[in-house]
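Nothing in this text is a laboratory measurement; each read-out follows from the coordinates by a stated rule. Here the structure is a predicted model, which means the values were calculated and not measured. Backbone-built Cβ (ideal geometry, glycine too); neighbour counts: all protein chains shown.
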Amino acid sequence: MMERVGSWTLALTLVALLLFEAWQVFFWLNPNPVFGLIAARSGVGLFEPVMRYVTGAAEVVAAALLLYPRTRSRGAMLALLIVVGALAMHLSPWLGVQVPDLTRTSAALAQGKTAMEIAAMNLPTDKGAMFLLALAIGLISVGSIAMERAKVHALAPKPKRPAGAFA
């Protein structure tokens with residue numbers, strides 16, 4: 001019973017966080033400040049909007065998989081994969097652990113400013129809040145994967161020892 005409650009708690013928490021992130025990717029600021037900043041700093045225009053939509057779609061798929069107990073571990077693994085990519089971007093010079101003010105960054109990108117011009121604006125940062133949110137989602141994903149594996153292990157049939165065996 002407790003495994004079931006824990007499994008649903010972790011899954012629903014992950015679903016809420018993933019759908020929140022997906023909503024921001026699809027419907028929040030345009031251009032998206034995170035993916036736009038990565039594109040501007042890396043010089044790879046594919047990040048905004050293509051990778052933004054791919055990431056948002058993957059978050060929605062992961063959330064859907066988490067809602068069904070049979071596919072919950074796959075959803076948690078997909079969420080973990082998404083978060084590993086997000087953490088890699090945060091730890092790269094393209095995004096950084098502290099992200100500049102998102103609203104002002106989006107406005108600057110919409111005006112066509114370069115990454116150097118945005119950096120020269122000395123915008124206030126989120127003080128690592130997005131990075132910490134990604135870490136939290138990663139930890140919840142790992143917890144969900146571990147819980148689902150423990151449930152499978154607990155339900156697996158135990159091997160029977162032959163009668164009279166001394167081992």
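Ranked by Cβ crowding within 10 angstrom, fewest neighbours first, how are SER7, SER141 ordered?
SER7, SER141
Mind checking which lysines have their C-alpha under 24 Å from LYS127, skipping anything on the same chain fewer than 8 residues away?
Result set, ordered by chain and number: LYS113.
Counting other C-beta atoms within 10 Å, which of PHE47, PHE131 has the fewest, and how do the rest follow?
Final ranking by Cβ density, sparse to dense: PHE131, PHE47.
Can you tell me the length gained on complete extension of the stretch LEU81 to VAL97, counting 0.36 nm per residue apart and subtracting the Cα distance?
3.9 nm
Taking the Cα atoms only, what angle lies between the long axis of helix 50-66 and the longest principal axis of the chain, rounded to 10 degrees?
30
Where nothing but the Cβ of Lys and Arg (+1) and of Asp and Glu (-1) is charged, how large is the charge dipole of segment 5-142 around its Cα centre, in debye to the nearest 20?
240
So the label point goes 7 Å from the Cα of ALA120 along Cα→C-beta, right? Which residues of segment 83-114 then have their backbone N under 12 Å from it?
Output list for this probe position: 113-114.
Using the number of other C-beta atoms within 10 angstrom as an exposure proxy, rank PHE20, PHE26 with the fewest first.
Ascending number of Cβ neighbours within 10 Å: PHE20, PHE26.
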